[in-house]
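See structure below.
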Amino acid sequence: MTQQNNARAGIALMIAATVVFALQDGISRHLAGAYNTYMVVMIRYWFFAAFVIALAMRASGGIRATASTNQLGLQITRGVLLAAEVCVAVYAFTILGLIESQAVFICYPLLVAALSGPVLGESVGWRRWAAIGVGCIGVLIILQPGIGVFNPWAVIPLISAFMFAIYGLMTRYAARRDSTATSFFWTGIAGATAMTVVGIWFWEPMHLHDWFWMGLLCLSGVLGHWLLIKCYEMAEASAVQPFAYFHLMWSAILGIAIFGETLRPAVIVGAALVIAAGLFTLWRERRQSRTG
């Protein structure tokens, strides 16, 4: 398969992944609105852990080789942080809805760019800082802190984005010494362990029809991660990452059609600024990697 065909296949897989993740967000909002968030995320992580174990068993060297790392503390911290971020994100869905939450959350690539300097020692030029500034303006337009009474709950998806950005930076740092398979394995195992320790205390009976949605949530999580893995196997991350913003579009469609949410003009304008700034940042990174 040619490089161009690989790129097209990677883009198609990324768009498919955004559809699956948007459905996953919608199901998470439904279940977390009826049951405790910790329990919902815990069950989801049990299936995630089973998935990474199955992948490790099929890999060369098995689980022992995949799990081998000399930075175990970092890998566990990454996994626990992502699990906590998922809890915050799902809680935001129940409080603010899919549209408002995702519109703020999509600023995380800009946070990664801003923090890559002090955390990883990477060079952040004035153009990237300008893009980060534009993205911050977009987030402020969405949150509208100076209009009427500011809703403090609107900060929740911003906290979620910050946590995911830190997780992304830790993943990049871990990648200097560990393989993607190793990091993926510990993401599932550490997250499932942490959520079990917390979530088991919040167990509550679930209606039979909601177990169907719970099963669909778990399957969609596994499918989404599988699509991402295949996507990054087919094409470079810089080529497919811009299409990750389709996630917001699918979430908006679900929010309006299923949950009766409304799309405020401020959200449209703010999200457009954030996406434009994010795409510019990705373009700059791709250009610098080619010339570097």
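Which one is farthest from V41 (Cα to Cα) among residues in the range 193-208 that are in a helix (DSSP H, G or I) and of a type in the set (A, V, I, L, M)? Per the criteria, the residue is L208. Only one of A175, A165, A190, A161 is small (G, A, S) and under 23 Å from F47 (Cα atoms). Can you tell me which? Within the list A175, A165, A190, A161, the selection yields A190.
Within the range 244-266, being among the hydroxyl-bearing types (S, T, Y) and surrounded by fewer than 15 Cβ atoms within 10 Å (Cβ to Cβ) holds for one residue alone: T262. Can you name the residue in the range 29-40 that is among the aliphatic types (A, V, I, L, M) and under 20 Å from G255 (Cβ atoms) and is also surrounded by the most Cβ atoms within 10 Å (Cβ to Cβ) among such residues? Of everything passing the filter in the range 29-40, V40 is surrounded by the most Cβ atoms within 10 Å (Cβ to Cβ).
Scanning the range 196-235 for residues that are under 17 Å from the mean Cα position of the chain (by Cα) and among the aliphatic types (A, V, I, L, M), we see that the one that is most open to solvent (accessible area, probe 1.4 Å) is L219. Inspect the range 135-157 for any residue being open to solvent by 20 Å² or more (accessible area, probe 1.4 Å), among the aromatic types (F, W, Y) and at pLDDT 90 or above and give the result as yes or no. No, every residue in the range 135-157 fails to be open to solvent by 20 Å² or more (accessible area, probe 1.4 Å), among the aromatic types (F, W, Y) and at pLDDT 90 or above.
Take T171 and tell me if it is farther than 21 Å from D25 by Cα and touching a residue at least 60 places away in the same chain (Cβ under 8 Å). When the stated conditions are applied, T171 passes them. Taking each residue of the range 41-60 that is assigned to a loop (DSSP other than H, G, I, E, B) and looking for partners that are open to solvent by less than 50 Å² (accessible area, probe 1.4 Å) and of a type in the set (S, T, N, Q) with beta-carbon atoms closer than 9 Å, six or more apart or interchain, yields A59/T66; S60/T66. Please state which one of A252, A239 is part of a helix (DSSP H, G or I), modelled with pLDDT under 85 and either in contact with a Pro (Cβ under 9 Å, 6 or more places away or on another chain) or farther than 29 Å from G73 by Cα (or both). Testing whether each residue is part of a helix (DSSP H, G or I), modelled with pLDDT under 85 and either in contact with a Pro (Cβ under 9 Å, 6 or more places away or on another chain) or farther than 29 Å from G73 by Cα (or both) leaves just A239.
Which of the residues belonging to the range 1-47 are over 25 Å from A257 (Cα atoms), out of contact with any Gly (no Cβ under 9 Å at 6 or more places or on another chain) and at pLDDT 90 or above? Matches in the range 1-47: W46 only.
The values are calculated or read from the model by the stated rules, or taken from the named source; none is laboratory data. From a predicted model like this one, the values you see are computed outputs, not experimental measurements. Positions of Cβ are generated from backbone atoms using ideal geometry, with glycine treated the same way; all protein chains shown enter the neighbour counts. Please note that ligands, DNA and RNA were not included when accessible areas were found on the heavy atoms of the full protein model with its side chains. Shrake-Rupley method; radii C 1.70, N 1.55, O 1.52, S 1.80 Å.
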